[in-house]
Structures are given as C-alpha cells and as structure tokens.
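Below is one structure, written out as structure tokens; comments come after it.
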Amino acid sequence: MQANEAKVLEISVDALVVRAKAIRKALEDFLFKLTNEHQTLTWPTVLDNFALLSGQISSLLAAMKSEKMPALRNYPIVPVRLSPDPDPHLLALTEGRVSLMSHTETPNYLRTKPDPAVEQAERQLISEVGLHTENVSNAQSQVSMFNKKCNKVLEKVKTARANWKADIVTSRSNPPTFNPKATEELVAAAYFVTSFAVRGTMPVTGRPNTGVRMPVTKRP
C-alpha cells in the first residue's frame with residue numbers, strides 16, 4: 001500500500017469512526033430515555049429519536065458508498081495473533097467492549113454474514129410463510145397493473161376537468177338571450193303598478209297581479 005493511499009484510507013476510516021460514535025451516542029441517549037423517562041416520554045419524542053437515528057445511519061451508509069471513500073472491501077481485517085488471555089491494549093482500544101481475541105470469539109467479531117443457525121431459521125420462516133420468488137414476482141405484477149389502472153382513472157379525471165373548464169369558458173362567452181332591464185320593467189309593472197314603454201306605443205300601465213279573483217254579483 002502506497003503512502004498516499006494509506007493516508008486516504010486512514011482519513012476515511014477516521015470519518016466513519018466519528019459518524020459511528022455519533023450514532024452510538026444517539027442510541028445511548030435514546031436508551032437512557034426509555035429506561036429512566038418512560039413515564040413522561042411522549043410518542044412525538046420517540047419519533048424524533050427514531051428520525052435522528054435513521055438520518056445518522058443513512059448518512060453513514062451514504063458516506064461509505066461515496067466515490068471519495070476507498071473500497072473498504074479491499075482491506076479485510078485479519079487478526080495477527082489469537083490468544084485466550086485478556087489483552088489490555090485491545091481492551092483499551094475497544095473502550096472496554098472486547099477484552100481478548102481467541103479462537104472462539106474471533107468468528108463472531110469478524111463475521112460478515114449472519115450466524116448459520118440464524119440463516120437456517122430465516123430460510124425456514126420464508127418457507128413457512130410462502131415468500132417465494134414466484135409469489136414476489138406475482139405481487140409485483142399486480143402492483144404494476146394496479147398502478148396502470150390508477151393512471152387511467154387519473155387521466156380520465158384530468159380530461160373531464162379540462163372539458164368542464166372549457167364548457168365554463170364557452171358559456172361565459174355566449175351572448176345573453178334576454179334584456180335584464182326589460183325583465184325588471186315587466187316585473188315592476190306586474191307587481192308594483194308601474195308603467196313601461198313598448199316600442200312604437202304609449203306607456204302601458206299595469207295592474208298588480210295578486211292572484212285573487214273577486215266574485216262578480218249579478219243584479220236582479
């Protein structure tokens with residue numbers, strides 16, 4: 001490994017360590033609240049803590065996938081010496097979490113895949129619930145078909161809305177088929193005994209339309 005490459009790797013790992021420590025600190029604070037403040041802890045506060053953790057983890061993953069980050073898979077961690085005796089330097093380096101690297105603990109510490117028993121339990125669970133590949137593909141096809149139906153309905157709604165707006169514009173642009181002033185004069189003549197002028201004639205006096213007919217009395 002060249003000196004420049006080693007320097008870039010060291011800086012990148014230090015940045016990841018800082019992000020990991022921030023995540024650990026957020027987890028410790030959240031666990032402290034759950035343990036000591038569970039009686040006064042509100043649901044919005046829990047959601048805020050989950051959002052904080054999710055954002056920090058997403059930021060860590062994005063940093064690991066960044067183009068500036070060296071390919072960490074090319075730098076595997078290999079224990080130089082395995083011993084069943086406690087190692088004070090290792091204990092201080094891991095902040096008291098790992099006291100020794102023996103033949104028993106090393107596979108668990110450096111494991112990059114789940115434990116074989118966990119993998120077997122996961123396969124059994126998938127087999128029991130029927131989460132097979134064909135079922136997943138069938139579900140994806142149904143989701144795709146449902147999305148197509150929704151898009152068709154949405155297009156019809158948009159078309160109907162456009163036609164509705166066009167009809168409103170057309171109805172507003174049509175000329176009126178009546179004279180509002182003449183209508184007001186007719187109503188006033190019928191109900192308020194006013195006069196109105198007819199073209200080419202004298203004003204005509206109307207009489208109130210009460211809707212009641214007076215009885216006619218004949219003389220003997």
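The values are calculated or read from the model by the stated rules, or taken from the named source; none is laboratory data. Note that the coordinates shown come from a computational prediction; the quantities given were computed from them, not determined experimentally. Positions of Cβ are generated from backbone atoms using ideal geometry, with glycine treated the same way; all protein chains shown enter the neighbour counts. When the accessible area is computed, the model is the full protein with side chains, heavy atoms only, and any ligands, DNA or RNA have been set aside. Shrake-Rupley method; radii C 1.70, N 1.55, O 1.52, S 1.80 Å.
Looking across segment 14-31, just one residue is β-branched (Val, Ile, Thr) and surrounded by 13 or more Cβ atoms within 10 Å (Cβ to Cβ), and that is Ile23.
Considering the conditions (1) open to solvent by less than 50 Å² (accessible area, probe 1.4 Å); (2) in a helix (DSSP H, G or I); (3) free of Cβ contacts under 8 Å to residues at least 40 places away in the same chain, Leu100 is excluded by exactly one of them, (2).
Out of all the residues in segment 60-70, is one or more outside any helix (DSSP H, G or I), in contact (Cβ under 8 Å) with a residue 40 or more places away in the chain and surrounded by 10 or more Cβ atoms within 10 Å (Cβ to Cβ)?
Looking for residues that are outside any helix (DSSP H, G or I), in contact (Cβ under 8 Å) with a residue 40 or more places away in the chain and surrounded by 10 or more Cβ atoms within 10 Å (Cβ to Cβ), one finds at least one in segment 60-70, hence yes.
Looking at Glu155, Glu122, just one residue is surrounded by fewer than 11 Cβ atoms within 10 Å (Cβ to Cβ) and either small (Gly, Ala, Ser) or not in a loop (DSSP other than H, G, I, E, B) (or both), and that residue is Glu155.
Considering only residues in segment 34-74 that are modelled with pLDDT under 90 and of a type in the set (D, E, K, R), the one that is farthest from Asn4 (Cα to Cα) turns out to be Glu37. Of everything in segment 74-92 that is in a helix (DSSP H, G or I) and of a type in the set (A, V, I, L, M, F, W, C), the residue that is surrounded by the fewest Cβ atoms within 10 Å (Cβ to Cβ) is Ala92.
Annotation: of all residues in segment 169-206 being modelled with pLDDT of 75 or more and open to solvent by less than 80 Å² (accessible area, probe 1.4 Å), the one that is nearest to the chain's Cα centre (by Cα) is Pro180.
Taking every residue in segment 25-45 that is farther than 15 Å from Gln56 by Cβ and pairing it with any residue that is hydrophobic (A, V, I, L, M, F, W, C) and outside any helix (DSSP H, G or I), at least 6 positions away or on another chain, the pairs with Cβ-Cβ distances below 8 Å are Lys33/Leu41; Leu34/Leu41. Condition check for Asp48 on (1) out of contact with any Leu (no Cβ under 6 Å at 6 or more places or on another chain); (2) under 25 Å from Glu95 (Cα atoms): one failure, at (2). Listed residues Thr133, Thr112; which is of a type in the set (S, T, N, Q), open to solvent by 80 Å² or more (accessible area, probe 1.4 Å), at pLDDT below 85 and more than 30 Å from Val17 (Cβ to Cβ)? After applying the criteria, what remains is Thr133.
Answer yes if at least one residue in segment 41-58 is part of a loop (DSSP other than H, G, I, E, B), among the hydrophobic types (A, V, I, L, M, F, W, C) and under 41 Å from the mean Cα position of the chain (by Cα), and no otherwise. Yes, because at least one residue in segment 41-58 is part of a loop (DSSP other than H, G, I, E, B), among the hydrophobic types (A, V, I, L, M, F, W, C) and under 41 Å from the mean Cα position of the chain (by Cα).
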